[in-house]
Every structure is written in C-alpha cells, then in structure tokens.
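The values are calculated or read from the model by the stated rules, or taken from the named source; none is laboratory data. What you see is a predicted model, and the numbers here were worked out from it, not measured in a lab. Cβ placement follows ideal geometry from the backbone for every residue including glycine, while neighbour counts extend to all protein chains displayed.
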Amino acid sequence: MALSADKIDEHVVWQDVTEGLQIHEPATSKGFMTGQWRTNTPVWNKEKCKQCLLCVPYCPDSCIIAKNNKRDEFDYDHCKGCGICVKACPFGAIEMKEGQ
Amino acid sequence: MSEKGIPQRMSGNEAVAEALRQINPDVMPAFPITPSTEIPQFVSSMISNGQIDTEFIPVESEHSSMSAAIGSEAAGARTLTATSSCGLAFMWEVLYVAASNRLPILLECVNRALSGPININAEHSDSMGARDSGWLQIYAENNQEAYDNTIQAYRIAEHPDVKLPIMICQDGFITSHAVENITLLPDAPVKAFVGTYEPEHYLLKEDESMAVGPYAISPYCMEAKRAQAQGMINAKKVILEVAREFEEMSGRKYGFYEGYCLEDAEYALVAIGSVCGTIKDAIDELRAQGKKVGLLKIRVFRPFPGEEFAEALKGCKAVAILDRSEGYNSVGGPLGAEVTAAMYRAKCPAEVVNVIYGLSGRDVKVSDVERVYGKLEKLAEGVNEFGAYPYLGLRSANEADCV
C-alpha cells in the first residue's frame, strides 16, 4: 500500500513507496526540515529593525513571513542560512552567527 | 471480409499507423528518422484528414520527443512516439526517466543499426542497447504482428500492476517498408479492446496536487527501483492475459514466444524478428528431408521469460542463438548471453552456440539458415564447425570465422 508523504521515512519497505516516488498531496515541503542544512544562522535584532520588510521578498526560502505589515522571528525549520537577508537589511538589523 | 478481419496489404509502418488510427492516442511528439519516419508522417496525415484528434507535437530532437512524451503522459494523456537507431540512442537519458516515473508511454521502434559505419538498415543494436532502461519490449516478425502488438501495447503498459513504458519493435525496411498481406480488425472491437486511459494519478487532475520525478536520496532510491522491478515482473502475467483476450477478438494467438516445429526438435534456432520467416522456410525444407529442426521465435524480450524459453529448449541436442546486434564484449550478442544463462539455470543439456547475423541489413537466405542447422547437427555429435566467434555470412580470410 502506497503511503502518504508524512508516513514515508527511512524505515519504509519497498512495497509501501509510491510509484516513481510520486507525491500525491500539496505542500509536503513544509514537512521537510531544510533548516538542518544550515551551517550559519541569521539572528534578528528587534531593536534595530524598522519593519521596512525588505528582507521578506529577498528570502529565497520564504522563511521571513510578514503578518499585519510586520515581520516576526525566522522560520528556522526551513532557513538554510544563505545570509541574503543580512545583505538586504539597510539597518544592520540581521547578523550572521556561526553554527546552527 | 471474413468474420474476424479485413484482408488488406500494407507495409509494417502503415500497419502500425492503422492501429494508431484505431487507438486514437491523445498526444504524439515525434522527430523523423529513417526507417520510422513514415509513422509520424501517417499520423500527421490522419490528423489533417480529421480521422483522429491526436495532438501532434513537432520537436527539435528525439531527446525532446521523449521529454515531451514524459510531460504529456504525466499530465494524464495517452502518449506515443516513434523512432529508430540514433534517434533512440539520443533518447537514452530520458528513456530511464519515463520508466522510473512509471509512465506507460508507447514507443514504436523500427529497428535500425546504430552508427557506425553509418547505415540505415535492419539491426537490433538500437533497442538491444535500451534493454536495461526499464522499458517493456515486444518484437514483431512481420507487419501483422507489428499491428497486433500495437493494439495490445497500451493494455499491457497501462495495467495498474505494470505501469511501465513499452517498445513495440519491428525490423527496419524488411518489415517497416515491405508490403505484405495483413488481416485488419474492425474499428469498434479494437476501440473496445484498448479502452480509454484512466490513470489514478495525473498532473492535470483537478482535485489533486501531484509531484512527479522527485529527487531521492540514497535511503529511498533502492526501494523505488525494487518497486519498479516488480512492475516488470508483474508484466509477464499481464502480457499473457492481454494476449488471451486479443485471441478471443482476433483469433490470433500470442505468447512470450512462438515455437515453430519446436516440440520434438533436436536442433533449434532462437531468434527475434523478420529472420524468423526465413528460418521457417528452411525448417519446412529440412523437415521434408526428415530433419528434426525447430525455431523458438522470441516475441517478448522485456520482461525476459528465460524460464519459459529454457523449458521449451529442454529437449534439444544443440541450439544456436542468433543475434542481430553485436555485444562488443568479446563473446557475442545480448540474446546469446541471456538465453544461454537461462538454459544454464534450467540445466538444459543442449550444446549452445551464439551466432551473429544480419548486421546492418545483411541479407539472410534460406541456404544460410540450412547451413547453421547442418553445423548444429555436427555440434551435437561433438564436432564444432562454428569457430570461436561465429558470424553468419561473413567474408573472412580465416574460414573458421565463417558460418
């Protein structure tokens, strides 16, 4: 029996994988923690942040989410630590720290 | 018109096109290459004449035709293409993508030599090269079988237990261009037999999101490949089921192979494709002289029904396996390797020899086949006249090379 994506892990037997490993559901990438790939981590300084939201569209992994015209903490489950947001911030409100 | 068919005369390419008219597939991306060019040409004409509503996609290469076929089939459309020789070689990378994504695409393969020397005639090096790509492969001896195999193709490939792409192969020019008698089936029963394509999952399905061809890291790939191999294993049963149903409709019987005077044969040839007609003529002549000679004509090569082949050859004293392609492995061709291995596993007592023949369209005559049977008889008596590396009809300074 082919399993849904969230039930497939490294213990699943061949009889239970989908044909061609096809995925038959939307948004399964949410369950894939690409944040584990991170070697360096962006840290948000709330004091320096002017909520200009320039970092939001620059993030290639949609890990800075704006709600009611304000950003909040990073989505560290998915942030790969590319550092683009650090370069995009005109106020020096994001810094890269070494490690996860 | 007989009860079960319409007598006609046409070439192998026309016969395939006629089957495609009856099937009316959804999409055909194709790029022309001799000797398969006529197939997309005929299909285009049928579209222009309003006989079918297939979407024809002209592409810039065979890599593109197979890539477009993959996209189309994944979208949910019944898809086919046609090619030969270097065209098939140019599809190489994406042949594997079609199979591993479990897309039941039909490929009409008109067998032609791969370069070089550059040559446009019949040889099996193209499809034999693709034998490990995960495609089903069914071969025809003549135009009738090319037509019948095409009608059965989608039923096998699209079966939920199989879900693999399928190559329907015929010999370039000898079959594809020679006009022979044929018995066609009426449209209505063919359409009912083939049915409509209703995949469970496809990209254009309105109420389902789907991802095809994901990247898989090492802990998942082996499981995916083993699951794919099961489709090939399951295909054996499905091929026979579809053949039985086809026989009910047409009166024509198909299996993994055709045995011709094989049951009591002491000396047998194993071959694929159009040469089998010539072999049957030789058998008729030799049987009239009381020689116990026979033929195992392979129809299904992928999946490889090795156990069934070996069982059919068990009573033989000597067997020659004929390859219409070089293996360039210093010992012979692919058919020789696989059939010999199957006979070894089944503990067949026969002496076995692998003979290369008919490369790049080299003619094979009844007298050539009779010579092979004569040498088989001697081989069974312990006299090997085949030489270390037998080539049928080769010109050589060393007589021991020539069969």
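List of remarks:
- Within the stretch B:299-319, the residues that satisfy the criterion of being of a type outside the set (Lys, Arg), touching a helix residue (DSSP H, G or I) at 6+ places or on another chain (Cβ under 7 Å) and touching a residue at least 60 places away in the same chain (Cβ under 8 Å) are B:Val300, B:Pro303, B:Pro305, B:Ala318.
- Residues in the stretch B:171-190 that are polar (S, T, N, Q) and out of contact with any Asp or Glu (no Cβ under 8 Å at 6 or more places or on another chain) were compared, and the one that is surrounded by the fewest Cβ atoms within 10 Å (Cβ to Cβ) is B:Asn181.
- Residue within the stretch B:191-205 that is surrounded by 15 or more Cβ atoms within 10 Å (Cβ to Cβ) and under 20 Å from the mean Cα position of the chain (by Cα) present: yes
- Positions within the stretch B:327-346 being crowded, with 18+ Cβ neighbours inside 10 Å, touching a helix residue (DSSP H, G or I) at 6+ places or on another chain (Cβ under 9 Å) and within 19 Å of B:Gly387 (Cβ to Cβ), in sequence order: B:Gly332, B:Gly333, B:Leu335
- So B:Lys280, is it away from every other protein chain (no Cβ under 14 Å) and either small (Gly, Ala, Ser) or under 23 Å from B:Ala140 (Cα atoms) (or both): yes
- When the stretch B:15-61 is limited to residues that are of a type outside the set (Ser, Thr, Tyr) and closer than 19 Å to B:Asn121 by Cβ, the one that is surrounded by the most Cβ atoms within 10 Å (Cβ to Cβ) turns out to be B:Val16.
- Looking across the stretch B:1-32, the residues that are in contact with a strand residue (DSSP E or B) (Cβ under 6 Å, 6 or more places away or on another chain) and over 30 Å from B:Glu248 (Cα atoms) come down to B:Pro29, B:Ala30.
- Filtered residue count, the stretch B:346-367, keeping only those that are more than 19 Å from B:Ala265 (Cα to Cα) and charged (D, E, K, R): 3
- Candidates B:Lys280, B:Lys297 - the one that is buried (at least 21 other Cβ atoms within 10 Å of the Cβ), in the same structural domain as B:Val372 (by TED's automatic domain parsing) and under 26 Å from B:Thr183 (Cα atoms): B:Lys297
- From the list B:Glu223, B:Glu208, the one residue that fits, being in a helix (DSSP H, G or I) and outside the structural domain of B:Cys276 (by TED's automatic domain parsing), is B:Glu223.
- Among residues of the stretch B:170-224 being at negative phi and of a type in the set (Phe, Trp, Tyr), the one that is nearest to the other protein chains (Cβ to nearest Cβ) is B:Tyr220.
- The listed residue being without any contact (Cβ under 8 Å) to a residue 40 or more places away in the chain and of a type in the set (Gly, Ala, Ser), out of B:Ser115, B:Ser176, B:Ser127: B:Ser115
- Cβ pairs under 9 Å, 6+ apart, first in the stretch A:1-24 and at the interface with chain B (Cβ under 8 Å from one of its Cβ atoms) and assigned to a helix (DSSP H, G or I), second buried (at least 18 other Cβ atoms within 10 Å of the Cβ) and β-branched (Val, Ile, Thr): A:Gly20/B:Val212; A:Leu21/A:Ile8
- Meets criteria (closer than 29 Å to B:Phe193 by Cα and touching a helix residue (DSSP H, G or I) at 6+ places or on another chain (Cβ under 7 Å)) for B:Asn142: yes
A quick yes/no check of all residues on (1) away from chain A (no Cβ under 14 Å); (2) at pLDDT 95 or above; (3) within 17 Å of the chain's Cα centre (by Cα):
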position	(1), (2), (3)
B:Thr81	yes, yes, yes
B:Phe90	yes, yes, no
B:Ala98	no, yes, no
B:Gly116	yes, no, no
B:Glu123	yes, yes, yes
B:Glu145	yes, yes, yes
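- Residue within the stretch B:267-288 that is of a type outside the set (A, V, I, L, M, F, W, C), closer than 26 Å to B:Gly134 by Cβ and without any contact (Cβ under 8 Å) to a residue 24 or more places away in the chain present: no
- Output for the stretch B:240-250, where each listed residue is within 16 Å of B:Phe301 (Cα to Cα) and in contact with a Lys or Arg (Cβ under 9 Å, 6 or more places away or on another chain): B:Ala243
- Checklist (1) more than 8 Å from every other protein chain (Cβ to nearest Cβ); (2) on the phi < 0 side of the Ramachandran plot applied to A:Thr28, failing item: (1)
- Residues of the stretch B:77-102 that turn out to be in contact with a Gly (Cβ under 8 Å, 6 or more places away or on another chain), farther than 24 Å from B:Gly361 by Cα and part of a loop (DSSP other than H, G, I, E, B), as a count: 2
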